[in-house]
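Only the coordinates and a few stated rules stand behind these numbers; no lab work does. Keep in mind that what you see is a predicted model, and the values were worked out from it rather than measured.
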Amino acid sequence: MNGYKFEGNDKEIRFKLQQLSRREMGLKLLHDIRIDVAICKFEGWDYKEYLYYLKNIIDSFLKER
């Protein structure tokens, strides 16, 4: 099995790893958004279309509760 395995019940380590994972994903998403916005502005397209698409996905998760 590849990857990391933490023995015991150390919630703090698992929580910190989850925070790191979220931050890294957020940075990847921000990079993707910046590239998309630049391309859309260059081509003269509406750059907000992708942002609204992502917002709808996030909103659908928030409405589930």
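By how many nm would the segment from ASP59 to ASP36 grow when fully extended, if each residue of separation counts as 0.36 nm and the alpha-carbon distance is taken off? The partial results should precede the final answer.
Working: separation 23, 0.36 × 23 = 8.28 nm, distance 2.07 nm.
That pair, ASP59 and ASP36, stretches by 6.2 nm at full extension.
Give the cross-link partners of LYS16 among the lysines, using a straight C-alpha distance below 19 Å as the criterion and excluding same-chain residues fewer than 8 apart.
Of all the lysines, those that pass the test against LYS16 - Cα under 19 Å, at least 8 places apart if same chain - are LYS5, LYS28.
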